[in-house]
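S.K.: If you scroll down you'll find the structure; I have some questions about it.
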Amino acid sequence: MSFGSPYFTLPEFTYLRARRIEEVLQLLEEKGEDARLLAGGVGLISFMKERLVSPSIVIDIKGIEELRGIKLEGSKISIGACTTLQEISENELIRKEIPALHQASGEAADIAIRGRATIGGNVCEAIPWVDMPVALLALDADIHLLSRRGERMLKVGNFLKGMLETDLRQNELVTKFTVPTPKRRSIFRKYAKGSEFAIASISICVDGEVRVVYGSVAPTPVRCKEVEQIIEREGISESSIRKASKVARESVECMDDVLASSAYRKHIVGILTASALKEIQR
Amino acid sequence: MKKLSFNVNGIRRNTLTKDNELLLDLLRERLGVKSVKAACWRGECGLCTVLFDGKPVKSCLVLAVEAEGREITTAEGLAEGERLSDIQDAFVKYGASQCGFCTPAFVLTCHYIIESGKAKTEKEALELLNGLICRCGTYNQIREALASLLSGK
Ligand SMILES: Cc1cc2nc3c(=O)[nH]c(=O)nc-3n(C[C@H](O)[C@H](O)[C@H](O)COP(=O)(O)OP(=O)(O)OC[C@H]3O[C@@H](n4cnc5c(N)ncnc54)[C@H](O)[C@@H]3O)c2cc1C
């Protein structure tokens, strides 16, 4: 993917504003490959400028009420696919119950982008440098997909397949994400210059099973079992933090790209591991 | 072509748009709203920022058709006649103009920060400016202008 010199125009397409979920599913069923969903548009419009996608139909789903909002559903917290990152970062339930998601959404991009960008788009875009998937993986969240043929649910980690690759089928819509609680002992931290994409990020959850996930280091977020085992075995202490930081640096495979070299990323991974563990211990 | 009807700085605009037109192009090239600057075209520099129903958006990442029925505010819309808005006054008072190219975007974003009450401290307010990349000669004066309104001085 280049993201090189800017194109000033978009390919031609027909814009449709959907009001109901059923309408979207019908259109997806009929138009297949030719149709693309537009939520915040931050990703899709950029991709269309780069001619990475040229749909003939663009279906705007952000006005569909059922796809928005944050709710407690039994012991899970559900987040509608079209909820914006800004709405997530300002939500009290999220702030209190899922700190990792509060932090990931509140520090993404900048105020103008956060007000448009949705959690659904952030995950479906499937680029390596975004923040929400990293937290969602650490939180063991589920993604809910709907088509005219039925509903399915899978772990966000199984949904993301690679660079620009997901398990989303052509006729499917993401309706929401659910996070099982408790998740109060969770954290998200990243290293980025200003509002640029993260060079590396980390999300840790130690409520229940320990999960340690790194972002922006590989095409999709990666768990580090070696670090998880250290924390499972020894808890969080000065010595386990030192060990975890070293092990992370050694075992997390990091990519080279325009943002940073692999060696630099490994260095950052070590630092993020230590600082995130220290903070979560408090 | 689609019919499009929306407000720019409180004035109803009725026009035709193609589905693939960017809000940036419509405002700047066709409606002549020149405070909206075109620079990076990819949502990175922030200079095409406008307020969309009162909230900042980067107009190079918004379709013109998405503005149907909405209220767009640009730097031209902040003053009431000859009376400058508080943030415009503060920019003048502190000499916060930089070279001028990014000024409309900074003024609008600072206006939003003040009006929305989203920032309690100067640090929080400055973080909300991080989508605007310009940091030339008078960035410190922008900080001062913004801070002067935060503390209600
Ligand atoms: C300058 C800049 C800086 C950025 N910095 C950050 C950052 O620091 N952190 C970060 O996380 N991100 C960052 N981003 C990325 C941005 O957050 C994402 O592009 C955005 O979240 C995508 O969401 P959207 O709602 O705009 O998606 P859209 O552009 O509307 O859609 C993106 C893709 O997802 C599909 N899609 C959207 N919603 C659904 C759904 N409900 N069901 C099925 N498919 C769907 C669309 O069809 C499309 O293919 C940055 C982007 C820019 C331009």
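S.K.: Between Rg and the Kirkwood Rh of chain B, both from Cα atoms, what is the Rg to Rh ratio? Each step should come with its number before you reach the end.
M.R.: Details: Rg = 15.4 Å, Rh = 15.8 Å.
Value, to two decimals: 0.98.
S.K.: Straight-line reach from A:LYS225: which lysines have Cα under 24 Å away, leaving out those fewer than 8 places along the same chain?
M.R.: Of all the lysines, those that pass the test against A:LYS225 - Cα under 24 Å, at least 8 places apart if same chain - are A:LYS155, A:LYS161, A:LYS183, A:LYS190, A:LYS243, A:LYS246, A:LYS266, A:LYS278.
S.K.: Computed over the Cα atoms of the range A:14-60, what is the ratio Rg over Rh, Rh following Kirkwood? Write down the numbers at each step before the final one.
M.R.: Numbers: Rg = 10.5 Å, Rh = 10.9 Å.
Value, to two decimals: 0.96.
S.K.: Given Cα positions, please report Rg to Rh for the range A:97-211, the hydrodynamic radius being the Kirkwood one. Display every interim value, and only then the final one.
M.R.: Details: Rg = 14.1 Å, Rh = 14.6 Å.
Radius of gyration relative to Kirkwood radius: 0.96.
S.K.: What Kirkwood hydrodynamic radius do you get for the protein assembly as shown when you take the inverse of the mean 1/r over all pairs of distinct Cα atoms, in Å? Display every interim value, and only then the final one.
M.R.: On the way: mean 1/r = 0.0440 Å⁻¹.
About 22.7 Å, per the Kirkwood formula over Cα pairs.
S.K.: Please identify, among A:LYS266, A:LYS161, A:LYS193, the residue showing maximal mean-square fluctuation in a Gaussian network model of chain A using a 10 angstrom Cα cutoff.
M.R.: Of A:LYS266, A:LYS161, A:LYS193, the Gaussian network model singles out A:LYS193 as fluctuating most.
S.K.: What value, in deg cm²/dmol to 500, does the helix sum -39500 (n - 2.57) over DSSP H runs of n ≥ 4 give at 222 nm once divided by the residues of the protein assembly as shown? Before the final figure, lay out the partial values.
M.R.: Working: 16 runs with 145 residues, N = 435.
After summing the helix terms and dividing by residue count, I get -9500 deg cm²/dmol.
S.K.: GNM, chain A, Cα, under 10 Å: largest mean-square fluctuation among A:SER75, A:SER147, A:SER186?
M.R.: Looking only at A:SER75, A:SER147, A:SER186, the largest GNM fluctuation is found for A:SER75.
S.K.: Report the normalised scattering of the range A:1-142 as log10 I(q)/I(0) at q = 0.21 Å⁻¹, calculated by the Debye formula with identical scatterers on the alpha carbons.
M.R.: For the range A:1-142, the Cα-only Debye profile gives -1.33.
S.K.: Here's a follow-up. As a test of the definition: which semi-axes, in Å, follow for the range A:163-282 when you take the square root of five times each eigenvalue of its alpha carbon gyration tensor? Largest first, please. Intermediate results must be reported in sequence, preceding the final value.
M.R.: Values: eigenvalues 119, 83, 32 Å².
Semi-axes (√(5λ), whole Å): 24, 20, 13.
S.K.: To continue, here is another question. Per residue of B:35-42, count partner chain C-beta atoms within 10 Å of its C-beta, then hand back the mean as an integer. The partial results should precede the final answer.
M.R.: Numbers: counts 0, 0, 0, 2, 1, 1, 7, 8.
The shielding value for this peptide is 2.
S.K.: Next up: Using Cα pairs under 8 angstrom and six or more residues apart, how large is the relative contact order of chain A, in percent? Walk me through the numbers on the way to the answer.
M.R.: Working: 587 pairs, mean separation 42.3, N = 282.
So the answer I get is 15 percent.
S.K.: Heavy atoms of the protein only, probe of 1.4 Å, neighbouring chains included. What is the accessible area of B:ASP89 in Å², nearest 10?
M.R.: 80
S.K.: Give me the tail of P(r) for the range B:78-150 as a percent: Cα-Cα pairs with distance above 20 Å. Intermediate values should be presented prior to the final figure.
M.R.: On the way: 526 of 2628 pairs.
Cα-Cα pairs of the range B:78-150 separated by over 20 Å account for 20 percent.
S.K.: Tell me whether the range A:66-150 comes out rounded, prolate or oblate; compute the Cα gyration tensor, take square roots of the eigenvalues as a ≥ b ≥ c, and use a/c under 1.5 as the rounded threshold. Walk me through the numbers on the way to the answer.
M.R.: Numbers: a/c = 1.44, a/b = 1.14, b/c = 1.26.
Rounded.
The values are calculated or read from the model by the stated rules, or taken from the named source; none is laboratory data. As the structure is a computational prediction, the values presented were derived from the model and not from experiment. Neighbour counts run over all protein chains shown; Cβ positions are idealised from the backbone, glycine included. Heads up: the accessible areas ignore ligands, DNA and RNA and are worked out on the full protein's heavy atoms, side chains in. Shrake-Rupley method; radii C 1.70, N 1.55, O 1.52, S 1.80 Å.
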